[in-house]
Each structure stands twice: as structure tokens, then as C-alpha cells.
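Each remark here refers to the structure printed beneath this line.
The values are calculated or read from the model by the stated rules, or taken from the named source; none is laboratory data. As the structure is a prediction and not an experimental result, all values here were calculated from the model. Cβ: placed from backbone, ideal geometry, glycine included. Neighbour counts: every protein chain shown. Side chains included, ligands, DNA and RNA excluded: accessible areas come from the protein's heavy atoms. Shrake-Rupley method; radii C 1.70, N 1.55, O 1.52, S 1.80 Å.
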Amino acid sequence: MSFSVAVAGASGYAGGELLRLLAAHPNFDIRTVTAHSNAGQPLASVQPHLRSLAHLTLTDTTPENLAGHDVVFLALPHGKSGEVTAQLPADTLVVDCGADHRLTSEKDWATFYGGDYFGAWQYGVPELMLTTANGPIKQRDNLLGATRIAAPGCNASTVALSLVPGVLAGVIETTDIVSVLAVGPSGAGKALKTNLLASEILGSANPYAVGGTHRHIPEIAQSLRTAGADDVSISFTPVLVPMSRGILATSTARLKPGITTDAVRAAWQDAYGSETFVQLLPAGEFPRTADVIGANTMLMGLAVDEAAGRVVVVTAVDNLAKGTAGAAIQSANIALGLEEATGLPLNGVAP
């Protein structure tokens with residue numbers, strides 16, 4: 001079965017990654033690509049690496065241009081998706097890679113983003129574990145047949161997936177979480193910004209959004225609460241490093257009294273032992289960002305710092321692939337009843 005696809009924001013990094021992955025998908029037919037300032041240009045002029053899609057031309061991002069497709073992927077700046085999605089047909093599968101539909105709390109949206117609140121959609125992280133009245137499930141169960149999906153923030157899903165197994169198993173405290181991330185600048189988008197120039201980044205590591213101001217914090221807390229955390233307190237610090245892609249997140253949480261190393265490892269193994277794209281490495285091994293570049297794969301290393309009484313989770317992910325576009329396509333596969341891994345690479349690119 002073939003589904004017609006439109007991609008809005010196709011000239012940006014997230015849009016380009018969506019197209020790269022969609023181009024290899026056997027069930028998706030890319031018919032329309034849209035942009036704002038680049039409308040009217042050949043797609044190949046702004047995404048020259050997408051040779052198989054060189055026949056496409058960017059059009060204006062309007063509801064009229066996006067309507068009439070089976071699936072619409074949005075890779076637009078924050079605050080722009082909601083303006084478009086309200087005008088798309090209800091039976092069209094719409095997957096938003098922006099933040100407009102991620103948060104269930106209007107108060108959190110007002111605090112961290114501001115502007116109009118457009119409501120929450122199904123969260124596009126299939127492996128995320130949830131606590132329900134009928135017992136634990138994974139978010140993929142909620143994606144079956146969905147027509148509105150909010151792809152995650154790359155940092156948010158990385159930290160949440162790192163810690164949710166400990167929450168669900170009841171082995172960690174959630175009021176003393178610390179996450180420090182090394183991130184590539186592509187996560188900030190393609191717009192020209194002085195602090196993202198090569199001369200500012202090369203040879204340097206630069207913290208940003210320090211002191212609890214990063215917009216992904218409420219998204220992380222939301223995921224931990226849905227896994228069963230009553231109260232969440234997280235210190236979250238991202239650091240820009242000179243790599244175009246990738247996130248290496250080191251997250252730590254205090255262990256509850258009497259929890260053994262074996263119990264900790266069992267919690268993460270139970271959560272991800274059968275997953276394709278989220279993989280726990282053997283004891284004593286830790287991931288590198290180089291091992292996940294270009295892949296829809298998240299690798300995780302786990303240790304217990306007995307002296308500090310804390311679990312340490314080190315997670316590597318490609319922010320544009322599994323962190324954004326890959327998660328969007330994986331979720332779309334589930335919603336449409338396709339095999340979940342269709343069109344998504346498990347293997348990275350090396351060197």
C-alpha cells in the first residue's frame with residue numbers, strides 16, 4: 001500500500017532528514033515539499049544531498065498545498081505548526097516535529113514557549129513506558145490508528161527514555177535528577193545565528209539554557225509523570241559541542257534504599273530487551289555518538305555509582321534521526337498499521 005506524503009518545512013534540517021528517510025520508505029510517496037523563504041526553488045538547491053528527490057520544487061507552506069495527502073509531516077518553527085494543523089482534514093495523518101502539540105499543560109506551554117496553545121496530541125515515542133489503571137503499557141499502543149501525532153523534542157525523549165525504566169520499576173527517586181547533554185548544533189535548526197557559526201563552535205564547548213530554562217524540561221517531566229512519578233525535579237544542562245549531529249546524555253538519579261545493581265539492570269533490561277531501536281549495552285559498555293549517526297537507534301549504557309548511591313545512564317542518539325525525523329516516521333508506521341521499523345535504518349554510518 002502506498003501513502004501520499006507532504007513535508008512542510010522541507011528546506012530545514014529536520015525537514016531534510018524526514019525526506020532522506022522517507023525517500024527510502026517503500027510505502028510513502030513524497031509528492032509535495034513546502035517552505036517559507038525558499039518557496040519556488042528546486043528542492044535540490046537547498047537539500048543537495050537528496051539526489052533522488054531532485055525533481056521536486058518547494059511550494060508555499062499553506063493548508064491548501066498540504067491538503068489532499070494521506071500523511072503530512074510538519075517540520076516548522078515553534079508556534080507555526082498549530083496555525084496550519086487546525087485547517088487540515090481530520091482524517092489526514094498529521095505528524096508534527098515541532099513543539100506545538102507536545103505539552104499537555106497549557107501552563108507549561110505559557111511558561112516555556114508562550115503564544116497560543118494548540119493542545120496536546122499523541123506523543124510520538126513508541127518505546128516510552130506509561131502507567132495506566134490496567135497496568136504498564138508502551139506509548140506505541142496509543143499510536144495505533146492515531147491521526148494526530150506530536151514527534152518529541154530530541155533532548156526530551158533521550159532523557160525520558162534514559163530514566164523511565166527506573167521510575168516504572170520503582171528503583172529511583174525522581175526529585176533529584178541531573179542530566180547533562182553534549183549536543184550538536186543542528187538541533188537548533190538551520191537559521192543563521194551568531195552563536196552557531198563554525199568560528200564560535202569549533203574548538204569550544206558552550207553551555208546554553210542554563211538554570212532550568214530549557215524548553216524541553218516540562219516535556220521530560222511530563223514523560224516521567226506518565227510513567228508513575230509523583231514529583232519530578234530535574235537539573236538539565238545542555239552543552240553545544242563541535243559535532244553537527246548527535247546527543248550524548250548523561251543522566252543520574254538517586255537510588256531508593258536497598259536497591260541492588262542487579263535490580264537496576266533488570267529494570268532497564270525488562271524495558272528495552274525486546275526493542276529494536278532502543279538498546280541497552282552490556283554491563284561496562286557505554287555508547288558514542290559516532291555509533292548512532294544516521295540511524296534510528298538509541299544506545300544506552302548503565303552503571304551504578306555505589307559511593308554516591310546513584311544510577312548513571314549514558315545515552316547516545318542522532319538528534320535528527322531517532323531524536324526527530326526517525327521517531328516521526330516510526331510513529332507514522334504504527335498509526336498506519338505498517339511494520340514499525342519500515343524504512344528506518346538500524347545501522348549507523350562509520351567512520
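Listed residues Glu219, Glu200; which is among the acidic types (Asp, Glu), open to solvent by 20 Å² or more (accessible area, probe 1.4 Å), out of contact with any Phe, Trp or Tyr (no Cβ under 6 Å at 6 or more places or on another chain) and part of a helix (DSSP H, G or I)?
Working: Glu219 fails: open to solvent by 20 Å² or more (accessible area, probe 1.4 Å).
None of the others qualify; the one that does is Glu200.
Condition first: open to solvent by 40 Å² or more (accessible area, probe 1.4 Å) and either under 23 Å from Ala290 (Cβ atoms) or of a type outside the set (Asp, Glu) (or both). Now tell me which residues in the stretch 325-344 satisfy that. Correct list: Leu336, Gly337. Taking the residues in the stretch 282-307 that are open to solvent by less than 60 Å² (accessible area, probe 1.4 Å) and without any contact (Cβ under 8 Å) to a residue 40 or more places away in the chain as candidates, determine which candidate is farthest from the chain's Cα centre (by Cα). Once the filter is applied, the top-ranked residue is Ala303.
Which of the residues belonging to the stretch 311-324 are more than 19 Å from the chain's Cα centre (by Cα) and either within 21 Å of Gln139 (Cβ to Cβ) or surrounded by 19 or more Cβ atoms within 10 Å (Cβ to Cβ) (or both)? Even if it seems obvious, please write down each step before you answer.
Of the residues in the stretch 311-324, the ones more than 19 Å from the chain's Cα centre (by Cα) are 311-312.
Of everything in the stretch 311-324, just one residue is more than 19 Å from the chain's Cα centre (by Cα) and either within 21 Å of Gln139 (Cβ to Cβ) or surrounded by 19 or more Cβ atoms within 10 Å (Cβ to Cβ) (or both), namely Val311.
Could you check, for the stretch 142-159, whether at least one of its residues is out of contact with any Cys (no Cβ under 6 Å at 6 or more places or on another chain) and without any contact (Cβ under 8 Å) to a residue 40 or more places away in the chain? There is at least one residue in the stretch 142-159 that is out of contact with any Cys (no Cβ under 6 Å at 6 or more places or on another chain) and without any contact (Cβ under 8 Å) to a residue 40 or more places away in the chain. Within the option set Thr92, Thr85, being modelled with pLDDT under 95, open to solvent by less than 20 Å² (accessible area, probe 1.4 Å) and not small (Gly, Ala, Ser) holds for one residue only, Thr85. Listed by first and then second residue, the pairs linking a residue in the stretch 105-121 that is within 12 Å of His216 (Cα to Cα) to a residue that is open to solvent by less than 40 Å² (accessible area, probe 1.4 Å), with Cβ atoms under 6 Å apart and 6 or more places separating them unless they lie on different chains, are Asp108/Pro218; Trp109/Leu103; Phe112/Pro218. When we screen Arg31, Arg20 for residues that are of a type in the set (Lys, Arg), outside any loop (DSSP other than H, G, I, E, B), in contact with a helix residue (DSSP H, G or I) (Cβ under 8 Å, 6 or more places away or on another chain) and touching a residue at least 12 places away in the same chain (Cβ under 8 Å), the only hit is Arg20. Does the stretch 99-119 hold any residues that are open to solvent by 50 Å² or more (accessible area, probe 1.4 Å) and under 30 Å from Gly273 (Cβ atoms), and which are they? Within the stretch 99-119, just Thr104 meets the criteria.
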